[in-house]
1. When you scan segment 106-119, do you find a residue that is loosely packed, with under 15 Cβ neighbours inside 10 Å, assigned by TED's automatic domain parsing to the domain that holds residue 158 and over 20 Å from residue 72 (Cα atoms), even just one?
2. With the requirement that a residue be of a type in the set (A, V, I, L, M, F, W, C) and surrounded by 15 or more Cβ atoms within 10 Å (Cβ to Cβ), what does segment 316-348 give you?
3. Among the residues of segment 175-192, write down those that are over 19 Å from residue 98 (Cα atoms) and of a type in the set (Phe, Trp, Tyr).
4. Taking segment 22-76 as the region of interest, how many residues are of a type in the set (Phe, Trp, Tyr), at pLDDT 95 or above and either assigned by TED's automatic domain parsing to the domain that holds residue 115 or not in a helix (DSSP H, G or I) (or both)?
5. Give the residues of segment 243-272 that are free of Cβ contacts under 8 Å to residues at least 60 places away in the same chain, surrounded by fewer than 19 Cβ atoms within 10 Å (Cβ to Cβ) and either aromatic (Phe, Trp, Tyr) or assigned to a strand (DSSP E or B) (or both), sorted by residue number.
6. Looking only at residues that are in a helix (DSSP H, G or I) and hydrophobic (A, V, I, L, M, F, W, C) in segment 289-315, which one is surrounded by the most Cβ atoms within 10 Å (Cβ to Cβ)?
7. Do we find a residue being modelled with pLDDT under 75, at negative phi and of a type outside the set (Val, Ile, Thr) anywhere in segment 108-131?
8. Could you list, in sequence order, the residues of segment 309-342 that are among the basic types (Lys, Arg) and within 26 Å of the chain's Cα centre (by Cα)?
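The values are calculated or read from the model by the stated rules, or taken from the named source; none is laboratory data. Worth saying up front: this structure is predicted, and the values here are computed from it rather than measured. Glycine gets a Cβ as well: all are built from the backbone with ideal geometry, and neighbour counts include every protein chain shown.
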Amino acid sequence: MKKSYFLCLLPFVVALMLYSACASSHKILKPPLDSNSQKFLDIIRYIITDQEDRVFREMPPEDRGEFIMDFWARRDPDPSTPENEFRTQYYTRLAVADKTFRTGIPGWMTDRGRIFILLGPPMDVIKKSMGEHSIEFKKSSRELSSNLLEEGTFTERPTEIWIYNHYSDYFSGPLRLTFVDYDSTGDYKLTTDVEVKPFSMMSYHQSDSNMVKYQWIGEIEKSESLPTILSFLDYTKSIGNIEKDEEENYTVDCFFEIPLSLIRYRKENGQYVCDLELSIEVRNLEEKSFYREKKEIRKHFSLEKLRKIIKERYSHNEKIKVPLGKGANEIYFSLRDRIQQKRVRKLSIVEIKK
């Protein structure tokens, strides 16, 4: 009885062993992040969006230079002038913060440096040495007092209070930010219970209403349920299970998921048309092999249908099966929007043990 039970399980055991062996025979790697790319991410950490950060890390290293140019172009308040005022102001504030607030770490990486970069210089600064009396500013009390130096709680550590009166649209009354030097090292930590976002260093998602080149076409932007600012081109890539046949030839399914709200449309004969080109390239330097496959996608939507798919966040999905070789396989995903003349490539590296 026990022997018969074991024989029944044997095929499942063998299948599990084969699956485990196959699963352990390969690994998926991310594109390398070189020192210049890491330096860029460090410097713009306060204004980059989560989406931009993810796309940048997924890109092939050789494409990141174009991304950096587009990153600043998206934030240029006046593209008609040769200077990018946003970038100039950002680097100026970064340099001032680095010099002014430097302690054991670069000044621009401190809390005071971050706030200075995002909000600019405060309207007023109250400084209190250890042992003096100061005011505790809670989230519920940011009314500007008639006497800014009135006594409140006892200051156990050196304290600075920065006062901003620039952002009345976001705060009821002046914004007070309290910094405390807990370790007496000069590195003041922000203690005020408030989320400080880049109000003056806004990304195009939050501001830049004059940036017409990122806005939706006329009829669509009239709908309040749709975004007024077109985000930059993006998609999600993924890799399926790696398959191996009897002759040890490997293949894998590569998947695109393209949010239809992130592509551009052109009006043709009363309909709205998207024009996309997808491609997959596989490069195996060890086997000196190269494979490429391309798909073209052209869809027509009525205005009513387009509004629906944008509002409900529809995506277009595509699958492309590609061959792999032993060693490192560089898989380049590419999406080109022919209407907005933009292309985004992403890289996955699949390493199959020899």
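1. For segment 106-119, residues loosely packed, with under 15 Cβ neighbours inside 10 Å, assigned by TED's automatic domain parsing to the domain that holds residue 158 and over 20 Å from residue 72 (Cα atoms): absent.
2. Listed by number, the residues that qualify are 320, 322, 324, 328, 331, 333, 335, 344, 347.
3. Within segment 175-192, 182 is the sole residue that qualifies.
4. Matching residues across segment 22-76 total 0.
5. Of everything in segment 243-272, those that are free of Cβ contacts under 8 Å to residues at least 60 places away in the same chain, surrounded by fewer than 19 Cβ atoms within 10 Å (Cβ to Cβ) and either aromatic (Phe, Trp, Tyr) or assigned to a strand (DSSP E or B) (or both) turn out to be 243, 259, 267, 268, 271.
6. Going through the qualifying residues, I end up with 306.
7. Within segment 108-131, one or more residues are modelled with pLDDT under 75, at negative phi and of a type outside the set (Val, Ile, Thr).
8. Correct list: 311, 313, 319, 336, 338, 342.
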